[in-house]
1. Could you work out, for the range 12-114, what percent of all Cα-Cα pairs fall into each 10 Å distance bin, beginning at 0 Å and stopping at the bin that holds the largest distance?
2. For S126, put the label point 7 Å out on the Cα→Cβ axis and report which residues of the range 160-178 keep their amide N under 15 Å from it.
3. Using a Förster radius of 30 Å, what is the FRET efficiency between Y111 and E164 based on their Cβ-Cβ separation? Nearest 0.05, please.
4. Rounded to the nearest 20 debye, what is the charge dipole size of the chain about its Cα centre when +1 sits on each Lys and Arg Cβ and -1 on each Asp and Glu Cβ?
5. What does the chain give for Rg and for Dmax, in Å, if only its C-alpha atoms count?
6. Order 175-183, 6-14 from most to least packed using the mean count of other Cβ atoms within 10 Å.
7. Which whole-Hz ³J(HN,Hα) couplings does the range 32-37 yield from phi under the Karplus relation 6.51 cos²θ - 1.76 cosθ + 1.60, θ = phi - 60°, glycine and proline marked x?
8. Using 7 Å Cα-to-Cβ label points, what is the D199/E62 separation (nm, one decimal)?
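The values are calculated or read from the model by the stated rules, or taken from the named source; none is laboratory data. As the structure is a computational prediction, the values presented were derived from the model and not from experiment. All Cβ positions, even for glycine, are placed from backbone atoms using ideal geometry, and neighbour counts span all protein chains on display. Keep in mind that these areas ignore ligands, DNA and RNA; they rest on the heavy atoms of the full protein, side chains included. Shrake-Rupley method; radii C 1.70, N 1.55, O 1.52, S 1.80 Å.
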Amino acid sequence: MPFQLPELPYPVDALEPHMSARTLEFHHGQHHRSYVEKLNAAIEKSPLEGKSLEEVIQATAEDKGQADIFNNAAQVWNHSFFWPCMTPNAGSTPSSELAERLTDAFGSFAYFKMRFCEAAGGQFGSGWIWLFLNGDDLQIASMPDAETPIMHGFKPLLTCDLWEHAFYLDYQNRKDDFVSTYLDVLVDWDFVASRLTTDG
Ligand code: MN3
């Protein structure tokens, strides 16, 4: 069974005006779809066919000869994780447990947001900004291109896509505005909190 493009967990216009339907039509319907199709084409009739997405990522992460497969597989994973990080229900806030964990790790929720925005702003070129668990430690890091925390054994809690295709139609070159708006009104903090207790 080839990999499938997952449905968006909300209507394509549900995140307006912070993320437009036009952005999601291109980002989900074109970019994400293209990663899925290229991955399926690349692994067809190869030893990787039939493996899980995570297995394909692990098998190709350190192999420059398979960079094309890795890039498409990791981009499929990252985008599939990115969509449920957002909710149309603006004004979601962290659960008390998540808020406590963020305060322990970063000083306060406000400091966490500041550090996340700083790290996103420091990512030169395409990539992703992540909040993840490294063991029991909550950490923030930006990663270039398709790099994903799961290849390092880290557990993602939250991400934001920093490739220009994620924000250029709505924010042009104002990446900082995109990331701060993302944190303030788009993030589904219930999803982030649920990651503290889910496996995988
Ligand atoms: Mn993208």
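1. 13, 30, 24, 26, 6, 0
2. 161-168
3. Step by step, r from the Cβ atoms, then E = 0.60.
4. It works out to roughly 180 debye.
5. Answer for the chain, Rg first and Dmax second: 16.5, 50 Å.
6. Taking the mean over residues of other Cβ atoms within 10 Å, the ranking is 175-183, 6-14.
7. 4, 4, 5, 4, 4, 5
8. Result for the modelled spin labels: 2.5 nm.
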